[in-house]
Amino acid sequence: MITLSTVTRRYTDDVAIGPVDLDIPAGGITALVGPNGAGKSTLLTMIGRLMGMDEGQIEVAGLDVSTTPSKDLAKIVSILRQENHFVARLTVRQLVGFGRFPYSQGRLTRADEEVISRSIDFLDLGELESRYLDELSGGQRQRAYVAMVLAQDTEYVLLDEPMNNLDMQHSVQMMKHLREAAVQLGRTIVIVLHDINFASHYADRICALKHGKVVEFGTPEEIMVPEILSDIFNTPIDVVEGPRGRLACFY
Ligand code: ADP
Ligand code: MG
């Protein structure tokens, strides 16, 4: 479980995230949604201990993220940031190998190599594994980053808009893979999603942020309601019963 208690981050006098009180249960997929600037990335990077907070406390699996040593947390929580600065002269396989760093400290064992291969296959990157990152499309590179995060093999996985740049096939494939990881491997996945319909279909819970605060937290059935969605996203949104669950329509 991830627990946030009065978590606050003040960027400037007029921009503050929080205070946020939130319990994200272990297991399954929790989608973080909300308009641009709502505070999704800030919250996720604080949970992933890449950014400090001004007030409050975050615990992941009972560990306080601000006092637990990084090397211990790295075996429990992994995070994919929204923006990644990539090193061009790195192959896909080398990048994915970085996911094993908390275990291998740079000396990869056979077991590490197996995890890396599995992660590469999982993201459909087998044919690209020897390519350098600057020889990939944006979407392929994005998949390589997700493979790196999954290779870290942590119980908690935080992903900030991992479908950026992905085409429909690979978006669907990634959500199916993440679902599998949640169900079969018991992972707890927290994912910032722009596409509310992906959240509706694949997430177990939807957490909506607006102006730095949590405004809704519930199941897709509870959140996929026209008034609630229109309010979260500041634009009229209809909800229709699609062939596989509720769909938001906006034009
Ligand atoms: P989201 O991911 O939901 O789009 P962010 O968490 O990135 O939102 O940003 C939340 C708010 O904090 C926005 O208003 C953004 O402009 C502001 N913000 C983010 N990073 C900084 C920063 N380094 N300095 C000042 N303001 C920031
Ligand atoms: Mg963001």
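The values are calculated or read from the model by the stated rules, or taken from the named source; none is laboratory data. Treat the numbers as computed from the prediction; the structure is a model and nothing was measured. In this analysis, Cβ positions are derived from the backbone assuming ideal geometry, glycine residues included, and neighbour counts consider all displayed protein chains. We work out accessible area using only protein heavy atoms, side chains counted, and drop any ligands, DNA or RNA first. Shrake-Rupley method; radii C 1.70, N 1.55, O 1.52, S 1.80 Å.
Shape call for region 111-158 from the C-alpha gyration tensor, a ≥ b ≥ c root eigenvalues: rounded (a/c under 1.5), prolate (a/b greater than b/c) or oblate?
Working: a/c = 2.44, a/b = 1.44, b/c = 1.69.
Since a/c reaches 1.5 but b/c is at least a/b, the shape of region 111-158 is classed as oblate.
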inquiry  = Between helix 168-184 and the chain, what is the angle of the helix's C-alpha long axis to the longest principal axis, kept within 0 to 90° and rounded to the nearest 10?
reply    = 90
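How large is the dipole of region 151-251 about the Cα centre if only Lys and Arg carry +1 and Asp and Glu carry -1, each at its Cβ, rounded to the nearest 20 debye?
Details: 8 positive and 15 negative charges, 19 e Å.
In total the dipole reaches around 100 debye.
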task = Would you mind working out the magnitude of the charge dipole of the chain relative to its Cα centre, with +1 at each Lys and Arg C-beta and -1 at each Asp and Glu C-beta, to the nearest 20 Debye?
result = 700
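Let me have the relative contact order for the chain, percent, based on Cα pairs under 8 Å that are six or more residues apart. Write out the running numbers ahead of the final one.
Values: 480 pairs, mean separation 60.9, N = 251.
Averaging sequence separation for qualifying contacts and normalising by length gives 24 percent for the chain.
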ask   = Based only on the alpha carbon positions, what is the Kirkwood hydrodynamic radius of region 31-106, in angstrom?
value = 14.4
request  = Calculate I(q)/I(0) for region 1-63 by the Debye formula, one identical point scatterer on each C-alpha and no solvent, and give its log10 at q = 0.17, 0.18, 0.19, 0.30 Å⁻¹ to two decimals.
outcome  = -0.56, -0.63, -0.70, -1.51
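When the helices in the chain are scored as -39500 (n - 2.57) per DSSP H run of 4 or longer and the sum is shared across all residues, what 222 nm value do you end up with, to the nearest 500 deg cm²/dmol? Working shown, then result.
Working: 10 runs with 86 residues, N = 251.
Calculated mean residue ellipticity at 222 nm is -9500 deg cm²/dmol.
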ask   = Which whole-angstrom value gives the distance between the alpha carbon centres of region 1-43 and region 109-124?
value = 32
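Direction-averaged shadow area of the convex hull around the Cα atoms of region 29-69, nm²? It would help to have the intermediate numbers written out before the result.
Working: hull surface 14.3 nm².
Result: a mean projected hull area of 3.6 nm².
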message = Using all alpha carbons of region 78-174, what is the percent of pairwise distances in each 5 Å bin, ordered from the shortest bin to the longest?
response = 3, 15, 26, 27, 21, 7, 2, 0
Region 29-105, accessible surface, carbon-and-sulfur percent (1.4 angstrom probe) = 52
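Please grab the % of Cα pairs in region 156-238 that end up more than 17 Å from each other. It would help to have the intermediate numbers written out before the result.
Numbers: 1660 of 3403 pairs.
Beyond 17 Å sits 49 percent of the P(r) for region 156-238.
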request  = Provide, for q = 0.19, 0.24, 0.25 Å⁻¹, the log10 of I(q)/I(0) from a solvent-free Debye sum over equal Cα point scatterers in region 64-117.
outcome  = -0.79, -1.07, -1.10
Rg and Dmax of region 11-153, Cα atoms only, in Å = 16.8, 51
ask   = Put a dot 7 Å past each Cα toward the Cβ at GLN173 and TYR132; how far apart are the dots in nm?
value = 2.5
remark   = So the compactness index of the chain, its C-alpha Rg divided by 2.2 N^0.38 Å, takes the value 1.01
query = For region 12-108, which trypsin sites (Lys or Arg not before Pro) are in a loop by DSSP, counting at most 11 other Cβ atoms within 10 Å?
reply = ARG89, ARG107
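Could you tell me the calculated FRET efficiency between VAL215 and HIS85, based on Cβ-Cβ distance and R0 = 35 angstrom, to the nearest 0.05? Provide the component values of the computation, followed by the final result.
Details: r = 32 Å, r/R0 = 0.91.
Here the calculated transfer efficiency is 0.65.
If we count every other residue with Cβ under 9 angstrom of LEU4's Cβ, Lys/Arg +1 and Asp/Glu -1, where does the sum land? Could you put the intermediate results ahead of the total?
Values: positive: none; negative: ASP21, ASP23, GLU59.
Net charge in that neighbourhood comes out at -3.
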ask   = Roughly what angle does helix 110-122 make with the longest principal axis of the chain, taking Cα atoms, 0 to 90 degrees, to the nearest 10?
value = 50
note = With region 194-247 reduced to its Cα atoms and the Debye formula applied, log10 I(q)/I(0) at q = 0.19, 0.28 1/Å amounts to -0.59, -1.27
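Starting from the coordinates of the alpha-carbon atoms of region 153-204, obtain the Kirkwood hydrodynamic radius over all distinct pairs and give the value in Å to one decimal. Before the final figure, lay out the partial values.
Values: mean 1/r = 0.0891 Å⁻¹.
After inverting the pairwise mean of 1/r, the radius is 11.2 Å.
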